[in-house]
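Rule-based calculations on the coordinates, nothing more; no lab input. Keep in mind it's a predicted model, so treat the numbers as computed, not measured. Cβ: placed from backbone, ideal geometry, glycine included. Neighbour counts: every protein chain shown.
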Amino acid sequence: MARIFCVANQKGGVGKTTTCVNLAAALHLAGQRTLLVDLDPQGNATMGSGVDKRALEKSVYHLLVGLATLDEVRVKSESGGYDILPANRDLAGAEVELVNLDNREKRLRDALRAFDADYDFVLIDCPPSLSMLTLNGLCGAHGVIIPMQCEYYALEGLSDLVNTIKKVHANLNRELKIIGLLRVMFDPRVTLQQQVSAQLESHFGDKVFRAIVPRNVRLAEAPSHGLPGVVFDKAAKGAQAYMAFAHEMIERIKTI
Ligand code: ADP
Ligand code: MG
């Protein structure tokens, strides 16, 4: 059975896409059958996986509105080794069209369910909003991974996300849990970051992943080559952190 995780945070630029692409590639390297779902009309996870978002015949948009099956939409990321349901600007239209469709929050869940046996892990890259697309991500998942930077305002944004997750759990998806908080773009030389990191650990305990992803320019350079960071430069500190995170996830799913 596939374990499905939504990578969410309503703030932009906090490392959701970087986390999805690198975790997917790291899980593949660790022998896990992995599917990445790009739920952001910006299509960054698609491009970062080496798939050209401008040349898609079918995208996750077609899947959500019922114009294609998962099998018709999925392509392989040659650079990352995992499968991907790619996205581009078409997906922005789904937001409006979904409102008039039956079961509008559960379209992704229903589509994934039929292919459950094909994967060990499914990762969903959410857009930076608490929109109908993110709702589809949260309804389709068993758990949420929240990447965050250790800065003052990070904690403020977290409470909105946690409340949304609680509401989805209560009303739409009883399986949904917060799997953990992942500290990303971490710079241990900055005192405030150390303080926020310690605060997270004392407040959230083992909901904070042990792996910490440092700020690392190689991770930021990789997408321009259409490669996951863990493939682009596997010796870099950022790549090694995502490999460690993948192994932590493989351990963690045994307990959930
Ligand atoms: P989101 O998907 O949440 O909007 P991204 O993953 O696109 O965030 O990251 C935002 C920017 O930060 C991108 O330019 C990305 O390359 C860069 N970035 C992400 N993680 C790191 C990191 N650990 N070190 C350095 N740059 C990073
Ligand atoms: Mg993104």
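From the residues in the stretch 55-91 that are in contact (Cβ under 8 Å) with a residue 12 or more places away in the chain and in a strand (DSSP E or B), which one is farthest from V122 (Cα to Cα)?
Within the stretch 55-91, the match that is farthest from V122 (Cα to Cα) is V75.
Return the only residue of N9, N22 being surrounded by 24 or more Cβ atoms within 10 Å (Cβ to Cβ), under 13 Å from the mean Cα position of the chain (by Cα) and not in a loop (DSSP other than H, G, I, E, B).
N22
Given the condition of a type outside the set (F, W, Y), closer than 30 Å to D102 by Cβ, within 16 Å of ligand 2 (Cβ to nearest atom) and assigned to a helix (DSSP H, G or I), answer yes or no: does some residue in the stretch 139-159 qualify?
Scanning the stretch 139-159, I find no residue that is of a type outside the set (F, W, Y), closer than 30 Å to D102 by Cβ, within 16 Å of ligand 2 (Cβ to nearest atom) and assigned to a helix (DSSP H, G or I), so the answer is no.
Tell me whether the stretch 186-201 contains one or more residues that are surrounded by 16 or more Cβ atoms within 10 Å (Cβ to Cβ) and touching a Ser or Thr at 6+ places or on another chain (Cβ under 8 Å).
The answer is yes, given that some residue of the stretch 186-201 is surrounded by 16 or more Cβ atoms within 10 Å (Cβ to Cβ) and touching a Ser or Thr at 6+ places or on another chain (Cβ under 8 Å).
Assess whether K58 counts as being within 16 Å of ligand 1 (Cβ to nearest atom), of a type in the set (K, R), surrounded by fewer than 24 Cβ atoms within 10 Å (Cβ to Cβ) and over 12 Å from the mean Cα position of the chain (by Cα).
Answer is no for this residue.
Mind checking which pairs have a first residue in the stretch 120-136 that is more than 19 Å from V14 (Cβ to Cβ) and a second that is in a strand (DSSP E or B) and away from ligand 2 (no atom under 16 Å from the Cβ), Cβ under 6 Å, 6 or more apart or different chains?
What qualifies is F121/R3; F121/T34; V122/I4; V122/L35.
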